[in-house]
Amino acid sequence: MKEVNNYMEILVEKYLESVLAEWDICKCDKCKKDITALALNSLPPMYTTTEAGCVYVKVNTSFNPQYAADVVLAIDKAIQIVSEEVRHGESVYLIGFMGSGKSTIGQELAMKLKYKWVDLDKYIEEHQKMTIKELFESCGEPCFRKLEMNCLKELEHKDNLVVSTGGGVIMTPENVRLLKKQKTFYLKWDFDTLFERVSHDENRPLVKNYKQLWTLYHSRTKLYEETCCMVIEGKGKSTTQISEEIISLMEEENENSCD
Ligand code: S3P
């Protein structure tokens, strides 16, 4: 802040740079511009602003700390508003074959991000008051896929969720379309690891034998890869390592852009 020809000049951009580091928000150029514009627009008319992010206020008397305080307050408020807007609408979706840890990792991820965890299969079971196994037995796979699609659609506009989907969610083209619009991570494992994890699970109606599961796995791999925004290789990593990897990828993406 300095006095220039009876005007107090306050450099918003400089101040913004100095405080932004303390905020856990996106620091891309677009966000900085949004914050500056919002702060400048919210100042009373006595403040003249320039596109370059300077504020001028005519000073009759000598230095008045209130000028700087007004600008600082406006910037802090603008940072808060923009950071909420940026976070708004962000949910994380986990996809992958049966046994890839979507539920376990989803729960840990939700806890770390302070998001709500939704397990799509459990969500369907609660709605239908039936287990997935009972649903497959009583109405068949096509009927289950319809329910799955409807439930996924219900979640589409909800924010701050971590959604653990079922392994076959990508079999429905409408689901793929929805998932492509979200932050979707594919938890990828080699087939033998997955087979070992699920082969004795009687609650998974699609688990029959090695050959059938092998065919199913290979028929889906490409779809998972095309649907996700990021592939997470699981081999050799713990649940905690995978959830931390997802969080740092999200942070990296937020740093670069927040569109
Ligand atoms: C399915 C996977 C299951 C469940 C249903 C169908 C699939 O979820 O949705 O049995 O088609 O792969 P998990 O991936 O959580 O086992």
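The values are calculated or read from the model by the stated rules, or taken from the named source; none is laboratory data. Just so it is clear, the model here is predicted, and its values are computed rather than measured. When we count neighbours, we look across all protein chains shown, and the Cβ atoms used for this are built from the backbone with ideal geometry, even at glycine.
For region 201-237, a residue qualifies if it is away from the ligand (no atom under 13 Å from the Cβ), outside any helix (DSSP H, G or I) and of a type outside the set (A, V, I, L, M, F, W, C), and the qualifying residues are Asn209, Glu233, Gly234, Lys235, Gly236, Lys237. Could you please let me know if Leu213 is over 18 Å from Ser100 (Cβ atoms) and surrounded by 13 or more Cβ atoms within 10 Å (Cβ to Cβ)? Considered against the rule, which asks whether it is over 18 Å from Ser100 (Cβ atoms) and surrounded by 13 or more Cβ atoms within 10 Å (Cβ to Cβ), Leu213 comes out as no.
Set side by side, the residues Glu108, Glu84 differ, and just one is acidic (Asp, Glu) and at pLDDT below 90, which is Glu84. With respect to Asn175, determine if the residue is assigned to a loop (DSSP other than H, G, I, E, B) and polar (S, T, N, Q). So Asn175 fails the test.
Pairs are defined by a Cβ separation below 7 Å, a sequence spacing of at least 6 or placement on different chains, a first member in region 205-222 that is farther than 17 Å from Arg145 by Cα and assigned by TED's automatic domain parsing to the domain that holds Arg145, and a second member that is assigned to a helix (DSSP H, G or I) and more than 10 Å from the ligand (Cβ to nearest atom); the pairs so defined are Tyr210/Phe195; Leu213/Phe195; Trp214/Phe191; Tyr217/Phe191. Do we find that Ser42 is closer than 29 Å to Ser248 by Cα and among the hydroxyl-bearing types (Ser, Thr, Tyr) in this structure? No: the conditions fail for Ser42.
Whenever a residue of region 90-111 is on the phi > 0 side of the Ramachandran plot, its partners that are within 12 Å of the ligand (Cβ to nearest atom) and of a type in the set (Ser, Thr, Tyr), lying with C-beta atoms within less than 7 angstrom and at least six residues away or across chains, give the pairs Gly96/Tyr224.
Among what's in region 187-201 and is touching a helix residue (DSSP H, G or I) at 6+ places or on another chain (Cβ under 8 Å) and under 22 Å from Glu141 (Cβ atoms), pick the residue that is surrounded by the fewest Cβ atoms within 10 Å (Cβ to Cβ).
Ser199
Restricted to helices (runs of 4 or more DSSP H) entirely inside region 88-165, those with at least 2 residues that are of a type outside the set (S, T, N, Q) and more than 14 Å from the ligand (Cβ to nearest atom) are 102-113, 132-155.
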